[in-house]
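Working notes, beginning with the structure itself.
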Amino acid sequence: MVRRKKQTLKKLKPSNTDKTNNQPPSKTPPPQKTPPEKKDRKQLNAEKSAHFGRREAAKILRVILQGDAHRRAVGSIKTLVFKPSVRNKKATFALICQTLKYLPIIKEVLDSSAVLNSKWKRQEELIYITTYDLLFGKEISTWGDAEKFLFQRKAVLESTLAKILAKKKVKRVEDLLSQDKTPGLPNFFSDVPKPRYVRVNTLKLDVDSAIKELRKKCTVQKDDLVPDLLILPHGVDLHDHPLVTSGSVFLQGKASSMVAVALGPQPGWQVLDACSAPGNKTAHLAALMKGKGKIVACELNADRVELLQKTINVAGAKNVEVHHGNFLNIDPEDPAYSKLRAILLDPSCSGSGTAAERLDHLLPSHMNNKAGVSDVIRLTNLSAFQKKALKHALSFPTVERIVYSTCSIHQLENEDVIKSVLPTALKNGFELATPFPQWSRRGLPVFEGSEHVLRMDPVEDKEGFFIALFVRKQEECKPNQLRNLKKRKPEMPVPFTRLSKMWLLSLMLSSPHGVGCCAGGGCCPGEESVCLPTS
């Protein structure tokens, strides 16, 4: 038995020949070849990322299109894309902008080809995004049901696109896009790029420390009007910078940052921000008050209340109380507001002063080149609300200072609103004061005292903005002042300043409902809500 075992062991030992030839033992299986259809991990991850990226972009596109359809935007395209919850911000922003740019063509291709069934019509935003990638963007894989569905119909979609090009007598898609552009729309923002403005949140960081940290990335200058505002070169991207995500620095435009400074609240005051979301001006008020006193931040829209709360939290503004309700429903005689000393009113407006920066020209509502009666109707409705809100602000008995601001270039929303409430203001003991006296551009000369209000010009200042400051006088309004004001003859509206004549004309011709919509108040691009950490 022992001999048999030894013989068995000898058989298992490799022979001398095997050793000399360095061949592996016969027991070792030959290496398996990777199947050609199996993709490497890097490509698989890229396809997976693109798949989820399209769905993330589709969710944002739905909010954009719904807001545009109802003329009730939650925020600008930039504000919605650069939220902290969006993972790949740059890629998502590019994909959404390109899809919106090609959207009229995409819709025509899908309608003419009739490839969509009821299931995919309910997911039209995802279909728009995927169709853009399929026809005009990068190659897509069949990772995902929408991708697979459209990829199988790629030949039909391409054939339909070719027929549309032939029908419109153009050879390239670019030529088709150029036909859809609004003729004569001037681009005042391309010659001299607008710098990037950032406001230091002094509740968390001092200005000198912010400058020291930001200079590691780019050049930094202090603004000459707003003490805590810094000027950075055009195109600097700070959305993911630690100072921004921590709330130490806010991405906030110059005009938007001037509003709280114009109000001039003091530490310990009680202040009301009437239309406060997304909350950058509210946070600025808290910083100016050094976190002392109380700010009531009023917001009607539920989605924007959530955004407002996040802004306040990241800013560390502990003296802010959010009021989810209509400012117009607050009783001026309510004991809760018996110590109220200042009101900031930045109401819903057309957003016409920041339409270019908001990228409103990409929205479907701006594709119509013909101006209609809805222009005047919409602006008139906005103006009526603005007058009502300002009169309500003027009725609070203990208030000493009120700032009214809009990101609009229209007289109807600016000087006409101020002119209409002046009798009420005088009666209640208010007068117009001059915010930032060193600022040269003032109001249109359509009422006595227009030299007190402040205008920013979309040509000279790269954005259109309006600020008026009311201050309560110590003495009561004299009766003859009120009578003289009422006797003044009505003046014809002055539709635009000399510098903005072409700008305003082209904008009025480019939209069926005015230019942009700052619905909900405070949603101009000077108030980016991208300062929140991972909203």
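Just add up the charged neighbours of residue 322: K/R +1, D/E -1, any other residue whose Cβ is under 11 Å from the Cβ of residue 322. Let's see the in-between values first.
Details: positive: 304, 310; negative: 273, 299, 306, 321.
The answer is -2.
Computed packing ranks the peptides 150-160, 388-398 as 388-398, 150-160, most packed first, by mean other Cβ atoms within 10 Å.
What FRET efficiency, computed as 1/(1 + (r/R0)^6) with R0 = 51 Å and r the Cβ-Cβ distance, is obtained for residue 163 and residue 87, rounded to the nearest 0.05? Write out the running numbers ahead of the final one.
Values: r = 38 Å, r/R0 = 0.75.
For R0 = 51 Å, the calculated efficiency reads 0.85.
With R₀ set to 45 Å, the beta-carbon distance separating residue 119 from residue 266 gives a calculated FRET efficiency near 0.15. Computed from point charges on the beta carbon alone (+1 for Lys and Arg, -1 for Asp and Glu), the dipole magnitude for region 43-180 about its Cα centre is near 260 Debye.
Across all directions, the shadow cast by the convex hull of region 43-180 built on its C-alpha atoms averages 8.8 square nanometres.
Work through the residues other than residue 261 whose Cβ is under 13 Å from its Cβ and net out their charges, Lys, Arg +1 and Asp, Glu -1. Spelling it out: positives minus negatives among the neighbours equals +1.
If R₀ is 41 angstrom, what is the calculated FRET efficiency for the pair residue 329 and residue 434, using the beta carbon separation as r and rounding to 0.05?
Details: r = 32 Å, r/R0 = 0.79.
For R0 = 41 Å, the calculated efficiency reads 0.80.
Provide the net charge surrounding residue 123, with neighbours chosen by a C-beta distance below 10 Å and charges set as Lys +1, Arg +1, Asp -1, Glu -1. Don't jump to the answer; show the numbers that get you there.
Values: positive: 55, 62, 119, 121, 122; negative: 124, 125, 145.
Net of charged neighbours comes to +2.
In order along region 412-426, the Karplus-derived 3J(HN,Hα) couplings, from 6.51 cos²θ - 1.76 cosθ + 1.60 at θ = phi - 60°, round to 4, 9, 10, 4, 5, 5, 4, 4, 6, 9, 4, x, 5, 4, 4 Hz, and Gly and Pro are given as x.
Compared with the alpha-carbon gap, the fully stretched path from residue 108 to residue 441 is longer by 115.3 nm at 0.36 nm per residue. Between amide H atoms placed 1.01 Å from N, distances below 5 Å from residue 295 occur with 271, 320, 321, all of them 5 or more places distant or on a separate chain. Sorting the segments 273-279, 340-346 by their residues' average number of neighbouring beta-carbon atoms within 10 angstrom, most packed first, yields 273-279, 340-346. Residue ranges 104-113, 303-312, 250-259, 199-208 sort as 250-259, 303-312, 199-208, 104-113 when ordered by packing (mean number of other C-beta atoms within 10 Å per residue, highest first).
Rule-based calculations on the coordinates, nothing more; no lab input. These figures come from a predicted structure and were not determined experimentally. Here the Cβ is made from the backbone with ideal geometry for all residues, glycine too, and neighbour counts use every protein chain on show.
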